[in-house]
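Following: one structure in structure tokens, then a few remarks.
The values are calculated or read from the model by the stated rules, or taken from the named source; none is laboratory data. Everything quoted here is computed from the prediction, not taken from an experiment. Glycine also receives a Cβ, built like all others from the backbone with ideal geometry; neighbour counts cover every protein chain displayed.
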Amino acid sequence: MYAEPIRIVAALIRDREGRVLLVRKRGTAAFMQPGGKRDAGEDDVAALSRELDEELGCSVVPGTVAALGTFECVAANEPDRQVNAAVYAVDVTGDIAACAEIDEIAWIDPSSPGDIHLAPLTRDHVLPLARA
């Protein structure tokens, strides 16, 4: 039976050097965009703002949210599932640190990510957008 895709929002966050912020959740191997599932009644921006606060301790700068598209691909951490991700470029403020279920953060060059295990969404959709 075909399972519904996991519907999430995800953030493309860059620093002044153009590097992209990735996170690795506790108990997983793949680095991915910060973000997560919407709570009941949340729109994308509210969900993304809440997730970034919970996971990284930072806040979305008002007026900087730009929709990049919605993408579907293999889920990184749930076998035989797809993820449907609404991806937004956002600027953030505050000190970024791994919180909640986040074990590690990394800033990578989107053109040369190095030998890092990337989630399919990040590898196939987000980094190509960041390079464009």
- request: For the stretch 34-41, indicate whether the set of residues that are touching a helix residue (DSSP H, G or I) at 6+ places or on another chain (Cβ under 7 Å), among the charged types (D, E, K, R) and touching a residue at least 24 places away in the same chain (Cβ under 8 Å) is non-empty.
  value: yes
- line: LEU56 passes all but one of the listed conditions (1) hydrophobic (A, V, I, L, M, F, W, C); (2) closer than 17 Å to ARG38 by Cα; (3) out of contact with any Cys (no Cβ under 7 Å at 6 or more places or on another chain); the exception is number (3)
- request: Could you run through the stretch 80-124 and say how many residues are touching a Pro at 6+ places or on another chain (Cβ under 8 Å) and under 22 Å from SER59 (Cβ atoms)?
  value: 1
Residue identified as in contact with a Gly (Cβ under 8 Å, 6 or more places away or on another chain), touching a residue at least 24 places away in the same chain (Cβ under 8 Å) and closer than 14 Å to HIS125 by Cα among ALA11, ALA76: ALA11
- request: Answer yes if at least one residue in the stretch 58-68 is free of Cβ contacts under 8 Å to residues at least 24 places away in the same chain and in contact with a helix residue (DSSP H, G or I) (Cβ under 9 Å, 6 or more places away or on another chain), and no otherwise.
  value: yes
Tabulated pairs, the stretch 88-101, first free of Cβ contacts under 8 Å to residues at least 60 places away in the same chain, second in a loop (DSSP other than H, G, I, E, B) and surrounded by 14 or more Cβ atoms within 10 Å (Cβ to Cβ), C-beta under 6 angstrom, 6+ apart or interchain: GLY94/CYS58; ALA97/GLY57; CYS99/GLY57
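Conditions tested, residue by residue: (1) of a type in the set (A, V, I, L, M); (2) in contact with a strand residue (DSSP E or B) (Cβ under 8 Å, 6 or more places away or on another chain); (3) farther than 16 Å from ALA10 by Cα; (4) buried (at least 17 other Cβ atoms within 10 Å of the Cβ).
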position	(1), (2), (3), (4)
ASP44	no, yes, no, yes
LEU52	yes, yes, no, yes
SER59	no, yes, no, no
VAL74	yes, yes, no, no
ALA85	yes, yes, no, yes
THR93	no, yes, yes, no
ILE108	yes, yes, yes, yes
PRO128	no, no, no, no
message: On the basis of being surrounded by fewer than 19 Cβ atoms within 10 Å (Cβ to Cβ), modelled with pLDDT of 95 or more and farther than 18 Å from ALA132 by Cα, does GLY35 make the cut?
response: no
